[in-house]
Amino acid sequence: MRRLPTGLAGALLSVLALTLTATACGGPPHAASAPPADGASAPPDRVEPLAGPPRPELPVTVRSADGRELTVRRAERVVPLSGSLSEIVFTLGLGDRVVARDVTATFEQAAELPVVTRGHDVSAESVLSLRPDLVIAESGTGPAEAMDQIRAAGTPVLVVEAATGLDDVGPRIEAVAGALGVPSAGRELTRRTEERIAAVTESAPREGTKPRVAFLYLRGSASVYLIGGRDSGATSLIEAAGAVDAGAESGLEKDFTAITSEALVKAAPDALLVMAKGLESVGGVDGLVKIPGVAQTPAGMDRRIVSVEDGVLLNYGPRTDQVLTSVVEQLYGGGEA
C-alpha cells in the first residue's frame, strides 16, 4: 500500500486507504506546493525541540499498538517510519539519534537523512543496513512483509496508532516518548502542544453562523477528486477552527467519497480545505473551480480556499497548533490560497 507523500502518511488510515486509488490512477504528482493565502502563515519547515535534550533511561518494556510487547535496550539509532513520528522524535529533543527518514519527513532538520522508502513503501533492506536500535512505525505502515523482515532481524518495532483527530496528539507523543525512555519529556511536550492547540482554538471566531468547510483530496494527474466524510480525519481540525465539517454534516459517513455535483450541492461548503500539492495538481484555484460542482458551491463562487502543506495538515502532532493557526487565518482572512 502506498502512503501519501505527506506527514499524514501512515498517521491517517482514511487517507492511507485513498492512496490505493491514487496509485491505481498513476499516483500522486510531485508538484510544488501552492503559496498560502495573503496574510496567512504557512507552518514553518522546522520543528521546535524542547529545551535541553532529555537523557533516555533504558531499558524499558512497552506494549505496541499491534499488541506486541517489546523491550527497548538502546536508542542510539532510531528510524521513525513516518513524517509525523519523525516530528515527535525531533521535537522531544532526540533528533540527533535519528539515522533515517521516511519520504514524508520533509521538515528542515530531517532533510539530509537517508530515505528508507521506495516510492512510499518501507524498504526493509535499507532500514536494516543502518543497524537501528529501534524502528517506530504506524498502524498503516507497510508492506507487512517488510515490517516482518525487520522484526525477524531482531530489531524492536514500536507501532503507534494512526492519528484521526486532535485527541490523538497526546497519546501518540507519549507512546513514542515512553519507548525512547523519556516519559517526562513526553508529558512536557504533550502539555505544551495541547496548550498551544487550546489557545488557537479559543482564538477562533465563534460569533454568528459557523462556516461550512469541506475537506477535498485532490490528485489532478490521477483524476482523483474526493470529498471527506466523517472518517476523513479532518473533522476535529475543522471544528477546532470554529467551523462545521460540511462533508460529515451532509451525511457522508465514509472517509472519502468521489466528488459529484450532487454531493457538493448537498454539502454546500462555504470554504474548501485542501492539501497544497493537491491544489497545485489541479492547476491552483482556477483549476479547482473547474471541477464539476465546485463553482456552484458558495466556496467556489467566493473562491474561498484554505490550503495547507501536505506534510503537516493531518499529522496531529507537535506542529498541529501551527496548522490550526494557518487554517483559522485563511478561513477568516478572506483571501484565497
Item checked: Single condition residue 127 does not satisfy, out of (1) among the β-branched types (Val, Ile, Thr); (2) over 19 Å from the mean Cα position of the chain (by Cα); (3) open to solvent by 50 Å² or more (accessible area, probe 1.4 Å) -> (3)
Item checked: Flag if residue 140 is open to solvent by 10 Å² or more (accessible area, probe 1.4 Å), modelled with pLDDT of 95 or more, in contact with a helix residue (DSSP H, G or I) (Cβ under 6 Å, 6 or more places away or on another chain) and small (Gly, Ala, Ser) -> no
Margin query: Looking only at segment 110-120, count every residue that is farther than 11 Å from residue 79 by Cα, open to solvent by less than 30 Å² (accessible area, probe 1.4 Å) and either of a type in the set (A, V, I, L, M) or outside any loop (DSSP other than H, G, I, E, B) (or both) and tell me the total.
Written below: 2
Notebook entry, point to check: Of the residues that sit in segment 280-337 and are under 19 Å from residue 209 (Cα atoms) and of a type in the set (Ser, Thr, Tyr), which one is nearest to the chain's Cα centre (by Cα)?
Noted result: 332
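Within segment 74-83, count every residue that is open to solvent by less than 50 Å² (accessible area, probe 1.4 Å) and either modelled with pLDDT under 95 or part of a loop (DSSP other than H, G, I, E, B) (or both).
First, pick out the residues of segment 74-83 that are open to solvent by less than 50 Å² (accessible area, probe 1.4 Å): 75, 78-83.
So of that shortlist, the ones also either modelled with pLDDT under 95 or part of a loop (DSSP other than H, G, I, E, B) (or both) come out as 75, 81-83.
Number of matching residues: 4.
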Notebook entry, point to check: Which residues, taken from segment 91-109, are touching a helix residue (DSSP H, G or I) at 6+ places or on another chain (Cβ under 8 Å), surrounded by fewer than 24 Cβ atoms within 10 Å (Cβ to Cβ) and not in a loop (DSSP other than H, G, I, E, B)?
Noted result: 93, 95, 97, 98, 109
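Does any residue of segment 247-257 turn out to be part of a loop (DSSP other than H, G, I, E, B), polar (S, T, N, Q), open to solvent by 10 Å² or more (accessible area, probe 1.4 Å) and at positive phi?
We begin by selecting, within segment 247-257, every residue part of a loop (DSSP other than H, G, I, E, B); these are 250-255.
Within this subset, residues satisfying the condition of being polar (S, T, N, Q) are 250.
After this cut, where a residue has to be open to solvent by 10 Å² or more (accessible area, probe 1.4 Å) as well, the list is 250.
Checking the rest, the ones that are also at positive phi come to none.
No: segment 247-257 contains no residue that is part of a loop (DSSP other than H, G, I, E, B), polar (S, T, N, Q), open to solvent by 10 Å² or more (accessible area, probe 1.4 Å) and at positive phi.
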Margin query: Name the residue that is surrounded by the fewest Cβ atoms within 10 Å (Cβ to Cβ), counting only residues in segment 283-312 that are in contact (Cβ under 8 Å) with a residue 24 or more places away in the chain, touching a helix residue (DSSP H, G or I) at 6+ places or on another chain (Cβ under 6 Å) and assigned to a loop (DSSP other than H, G, I, E, B).
Written below: 292
Margin query: Within segment 176-188, does at least one residue satisfy the condition of being free of Cβ contacts under 8 Å to residues at least 40 places away in the same chain and surrounded by 21 or more Cβ atoms within 10 Å (Cβ to Cβ)?
Written below: no
Check: Is it true that some residue in segment 56-73 is touching a helix residue (DSSP H, G or I) at 6+ places or on another chain (Cβ under 6 Å), open to solvent by less than 20 Å² (accessible area, probe 1.4 Å) and farther than 18 Å from residue 174 by Cβ?
Finding: no
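The values are calculated or read from the model by the stated rules, or taken from the named source; none is laboratory data. All of these numbers come straight from a predicted model, not from anything done at the bench. Positions of Cβ are generated from backbone atoms using ideal geometry, with glycine treated the same way; all protein chains shown enter the neighbour counts. The area values use the complete protein model at the heavy-atom level, side chains included, leaving out ligands, DNA and RNA. Shrake-Rupley method; radii C 1.70, N 1.55, O 1.52, S 1.80 Å.
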